[in-house]
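The values are calculated or read from the model by the stated rules, or taken from the named source; none is laboratory data. Small disclaimer: the values here were computed from a predicted structure and weren't measured. Quick reminder, even Gly has a Cβ in these numbers, built from the backbone with ideal geometry, and neighbours come from all protein chains shown.
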Amino acid sequence: MNKTGPRIITVANQKGGVGKTTTAINLATALAAIGEQVLIVDLDPQGNASTGLGIDRRDRNVSSYDVLTGSLEIEDAAVATAVPGLSIVPSTLDLLGIEMEISSAPDRVLRLRNAVRAASERSQSFDYVLVDCPPSLNLLTLNAMAAADSVLVPLQCEFFALEGLSQLLETVEQVRASINPALEIQGIVLTMFDGRNNLANQVVQDVRAHMGDKVYETVIPRNVRISEAPSYGKPAILYDLKCSGSQAYLQLASEVIRRERHQRAA
Ligand code: ADP
Ligand code: MG
C-alpha cells in the first residue's frame, strides 16, 4: 500500500516519564490492528519499548545500534513481536556509546534517515515507522527528527508540562531549517490525565490555549492497566483492550491517521 515509502513519526520529548514509549507502543499496535505494516525503532538505550513489546534483553542479537553504525540494514535489525504486522528494531545499551562513535562522521545526523530510505529503495518498506526517542535532545533524537515526516509530542498533565516544550519546538525548527524542511508537528498528546485533579484540568486548558489545534482532542487518562501492561511484555491494547487507556489510544490513532492523510495530501 505504500507507493511513497513509509510515514515516519518520531515520538519525542526530552523529559523522561511523560508517556513517549507507552504512546509509541500503543499507537503502533493500533495501526497494526487496522492492517498497516508498522515498525518501531527503539532509539532509547533504556530499551523500554523493546521490553514492553516482549523482546527480552538477552534475546536482542540485533539492534538500532547496528543500524546507526551501518553494520545492518534496517529490515535485518527488525524482529517480529506478538502483534501481527508490528516489528521492532530493539535497542541495546550499546546505544549509550553511539554519540562518541559517530560524532565526527559527516552523516552522523542522517544515519537513520538514510537507513529507512535505503530500505524503501529495496522495497523493504513499511506503512508506518514510529521512532521512540530517549529523554534527551541528543544525536539520537536528532537522527529521529531528521528521518521523520512528523513529530508527535506526549506531554504529561502536570504543572511543568509546558516547560521544556519551547526548547523541543525550537529543536524541531532547527531541524527544519537545516536538514529536514518538510518536518511537521504531528500533534501534542496530553497523557496521564486525572480528572479528579484540578491542576490536571488547568494544565489541559493551558496547553490548549498555548498550542491550539496542535493538541489532539484525545486525552490519555491515567490508568493502572497501562502501567501494568509492560511487565507482561504486551501493549496495553493487547493486555486489556477495554480499559480506558487502551480506548483512548485507539481514539488517538484515528486522529493521527486523519492528520497523516491530510499532511500526505498537502
Ligand atoms: P517515557 O517513554 O516518556 O519515559 P513511559 O511511556 O515509559 O514514558 O511512561 C512512564 C511511566 O508511566 C511508565 O511506567 C508507564 O507505564 C507509565 N504510564 C505511561 N502512561 C500512563 C498512563 N496513561 N497511565 C498510567 N501509567 C502510565
Ligand atoms: Mg521511554
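Those residues that are in contact (Cβ under 8 Å) with a residue 40 or more places away in the chain and in contact with a helix residue (DSSP H, G or I) (Cβ under 6 Å, 6 or more places away or on another chain), I need them from segment 217-231; list them, please.
Ile220, Ile226, Ala229, Pro230
Which one of the conditions (1) in contact with a strand residue (DSSP E or B) (Cβ under 9 Å, 6 or more places away or on another chain); (2) modelled with pLDDT under 95 does Ser254 fail to meet, given that it meets all the rest?
The failed condition is (2).
With the requirement that a residue be of a type outside the set (A, V, I, L, M), assigned to a loop (DSSP other than H, G, I, E, B) and within 16 Å of ligand 2 (Cβ to nearest atom), what does segment 106-159 give you?
Across segment 106-159, the qualifying residues are Cys133, Pro134, Pro135, Ser136, Asn138.
Please determine whether any residue of segment 27-49 is under 11 Å from Pro90 (Cβ atoms), within 13 Å of ligand 2 (Cβ to nearest atom) and either small (Gly, Ala, Ser) or at pLDDT below 95 (or both).
yes
Is it the case, given these coordinates, that Ala77 is over 30 Å from Gln167 (Cβ atoms) and either away from ligand 2 (no atom under 16 Å from the Cβ) or surrounded by fewer than 20 Cβ atoms within 10 Å (Cβ to Cβ) (or both)?
Answer is yes for this residue.
With respect to Lys214, determine if the residue is over 19 Å from Ala161 (Cα atoms), basic (Lys, Arg) and either in contact with a Gly (Cβ under 8 Å, 6 or more places away or on another chain) or within 10 Å of ligand 1 (Cβ to nearest atom) (or both).
It is false that Lys214 is over 19 Å from Ala161 (Cα atoms), basic (Lys, Arg) and either in contact with a Gly (Cβ under 8 Å, 6 or more places away or on another chain) or within 10 Å of ligand 1 (Cβ to nearest atom) (or both).
With the checklist (1) under 28 Å from Ala78 (Cβ atoms); (2) among the hydroxyl-bearing types (Ser, Thr, Tyr); (3) more than 16 Å from ligand 2 (Cβ to nearest atom) in hand, flag the one item Ser227 doesn't pass.
(3)
Taking segment 1-57 as the region of interest, how many residues are within 15 Å of ligand 1 (Cβ to nearest atom), free of Cβ contacts under 8 Å to residues at least 60 places away in the same chain and within 24 Å of Ser125 (Cβ to Cβ)?
Final tally of qualifying residues: 1.
For segment 4-24, name all the residues that are more than 8 Å from the chain's Cα centre (by Cα), within 16 Å of ligand 2 (Cβ to nearest atom) and of a type outside the set (Ser, Thr, Tyr).
Asn13, Gln14, Lys15, Gly16, Gly17, Val18, Gly19
Would you check which residues across segment 50-71 are over 15 Å from Ala28 (Cβ atoms) and part of a loop (DSSP other than H, G, I, E, B) and list them?
Listed by number, the residues that qualify are Asp56, Arg60, Asn61, Val62, Ser63, Thr69, Gly70, Ser71.
Within the bounds of segment 85-98, is there any residue that is away from ligand 1 (no atom under 16 Å from the Cβ), at pLDDT below 95 and over 29 Å from Gly164 (Cβ atoms)?
So far as segment 85-98 goes, no, none of its residues is away from ligand 1 (no atom under 16 Å from the Cβ), at pLDDT below 95 and over 29 Å from Gly164 (Cβ atoms).
Let me spell it out: the conditions are (1) closer than 25 Å to Glu260 by Cβ; (2) assigned to a loop (DSSP other than H, G, I, E, B); (3) out of contact with any helix residue (DSSP H, G or I) (no Cβ under 8 Å at 6 or more places or on another chain), and Asn180 meets all of them except one. Which number is the exception?
Exception for Asn180: condition (3).
Give me the residue from segment 117-141 that is away from ligand 1 (no atom under 16 Å from the Cβ) and touching a helix residue (DSSP H, G or I) at 6+ places or on another chain (Cβ under 7 Å) and, out of that set, modelled with the lowest pLDDT.
Applying the filter and picking the extreme gives Gln124.
On the given criteria, is Arg113 surrounded by 15 or more Cβ atoms within 10 Å (Cβ to Cβ) and charged (D, E, K, R)?
Taking the combined requirement at face value, the residue satisfies it.
Quick check: anything in segment 178-197 surrounded by 13 or more Cβ atoms within 10 Å (Cβ to Cβ), in contact (Cβ under 8 Å) with a residue 60 or more places away in the chain, more than 16 Å from ligand 2 (Cβ to nearest atom) and of a type in the set (Ser, Thr, Tyr)?
Among the residues of segment 178-197, not one is surrounded by 13 or more Cβ atoms within 10 Å (Cβ to Cβ), in contact (Cβ under 8 Å) with a residue 60 or more places away in the chain, more than 16 Å from ligand 2 (Cβ to nearest atom) and of a type in the set (Ser, Thr, Tyr), which makes the answer no.
Within segment 96-105, does at least one residue satisfy the condition of being part of a loop (DSSP other than H, G, I, E, B), away from ligand 2 (no atom under 16 Å from the Cβ) and buried (at least 24 other Cβ atoms within 10 Å of the Cβ)? I'd like the intermediate steps shown before the answer.
In the first step, residues of segment 96-105 are kept if they are part of a loop (DSSP other than H, G, I, E, B); the result is 103-105.
Among the residues that remain, those that are also away from ligand 2 (no atom under 16 Å from the Cβ) are: 103-105.
Keeping just the survivors that are buried (at least 24 other Cβ atoms within 10 Å of the Cβ) gives none.
Checked segment 96-105: no residue is part of a loop (DSSP other than H, G, I, E, B), away from ligand 2 (no atom under 16 Å from the Cβ) and buried (at least 24 other Cβ atoms within 10 Å of the Cβ).
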